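Heads up: the structure comes next, in structure tokens.
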Amino acid sequence: MGAMATVIAVSGRHTASRAARDGLVIRVRAQARGSRPATGSATGIARAAPRAVNAAAAVRRAMVVARAAGVDQSAADSTSSSMTDFSGKFGLVVGVANKRSIAWAIAQATARRGARLALTYQGRFEEHVQELSQGLEPAPLVLPCDVTSDAEIDAVFAKVQQEFGGLDFLVHGAAFAPPDELRSPFVNTSRDGFRMTMDISAYSLIALARGAVPMMEARGGGSIITLSYLGSERVFPGYNVMGVAKAALESTVRYLAADIGLKNIRVNAVSAGPIKTLAAAGIKGFSNILHIYPERAPLRRNVETSEVAEAAAFLLSDAAKGITGEVLLVDAGFHATGM
Ligand SMILES: NC(=O)c1ccc[n+]([C@@H]2O[C@H](COP(=O)([O-])OP(=O)(O)OC[C@H]3O[C@@H](n4cnc5c(N)ncnc54)[C@H](O)[C@@H]3O)[C@@H](O)[C@H]2O)c1
């Protein structure tokens, strides 16, 4: 015991040569307490079994790799059947800028549970995201994507389709408002600033969902999450047009959920308490918001990024398969208080 193993096998029959060529069909990762993780790939297993194998046989072979790494079978079985296991799942994460990004914490939380990821970056963050991605196992795809560009969004999904052959989950963590709009009185919100904030922070969820739907449908369903803030329904000084965009975003979650639920695709939002990130730094008065939570929130503290990421991973996982159209508040309970 004290060991963890993740076994991934897709259903259907695969010849050894096809498994070797695809390199993604079967994969096992095993770790015994106090030792380094051991990984067996489809290619390695296929070489060891040069005849045609089906998924069940592949799992049996994978378990041999797991045992060789010192993992006991029961621990491996129980981990692989967990509802929050992401083994064999493919995810696209949009919105990583740096190590403080909430999207990065969600990427880590799902990769740790076995997900294979594609991360996108907005031009200027390429170097950061490439560097961060080196810490993820399995190694992610890293792709450029400015969400205001339909061509870049199309290119991301084409690449994900080519590399993964389908998609199980999407994390939407992109938001932006021009700095002036967050400094000026709300009544001075400009037409262009309003349009840009809505486009990047709300419309982009629709554009990304549209690309994800056929790829999720091909996998029998999927889960989409976005990140919101309580400024969607209450006034926080300085949050301004971003609050209006978050209201649109949360409404978009409900309309999308209703639209694509029949395809077994769920759409939810995590509404996080304030966290010091790059996006938050642009909000005048953010440090006031950060200080008021520990005074008023039932838990008398702010939330950690990892707590938001765990809630996001829950909504993305099969453990939440009955939940859609929901806005889950992860804010130490602040939203429940009157004063
Ligand atoms: N930090 C908080 O206090 C907090 C609280 C609640 C919700 N949120 C939300 O969480 C999400 C992630 O923000 P964060 O706090 O992790 O900050 P962050 O700055 O790390 O993330 C914002 C991301 O949006 C991306 N982005 C902006 N414009 C883009 C464009 N045109 N194309 C592609 N990507 C673009 C940035 O590259 C960045 O990766 C946002 O939706 C934010 O509103 C943050």
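What follows draws every value from the coordinates through simple rules; no lab data is involved. Predicted model only: the values in this text are computed from it and were never measured. Because the Cβ atoms are built from the backbone with ideal geometry, glycine has one as well, and the counts that use them run over all protein chains shown.
Side notes on the structure shown:
- Only a single item in (1) surrounded by fewer than 18 Cβ atoms within 10 Å (Cβ to Cβ); (2) away from the ligand (no atom under 12 Å from the Cβ) is not met by Gly193, and it is number (1).
- Among the residues here, Ser223 qualifies as at negative phi, more than 12 Å from the ligand (Cβ to nearest atom) and in contact (Cβ under 8 Å) with a residue 40 or more places away in the chain.
- Residues satisfying the stated conditions in the stretch 276-301, i.e. near the ligand (Cβ under 9 Å from one of its atoms) and either crowded, with 19+ Cβ neighbours inside 10 Å or without any contact (Cβ under 8 Å) to a residue 12 or more places away in the chain (or both): Thr277, Ala279, Ala280, Ala281, Ile283, Phe286, Ile289
- When Thr110 is tested against (1) within 10 Å of the ligand (Cβ to nearest atom); (2) of a type in the set (Ser, Thr, Tyr); (3) touching a helix residue (DSSP H, G or I) at 6+ places or on another chain (Cβ under 7 Å), exactly one condition is not met: (1).
- Restricting attention to the stretch 94-141, the residues being crowded, with 24+ Cβ neighbours inside 10 Å and free of Cβ contacts under 8 Å to residues at least 12 places away in the same chain number 0.
- Ile200 falls short of the stated requirement of being within 13 Å of the ligand (Cβ to nearest atom) and buried (at least 20 other Cβ atoms within 10 Å of the Cβ).
- Failed condition for Gly231, given (1) in contact with a Phe, Trp or Tyr (Cβ under 6 Å, 6 or more places away or on another chain); (2) within 20 Å of Tyr203 (Cβ to Cβ); (3) surrounded by fewer than 18 Cβ atoms within 10 Å (Cβ to Cβ): (3)
- The listed residue being touching a residue at least 40 places away in the same chain (Cβ under 8 Å) and away from the ligand (no atom under 11 Å from the Cβ), out of Arg254, Arg210: Arg254
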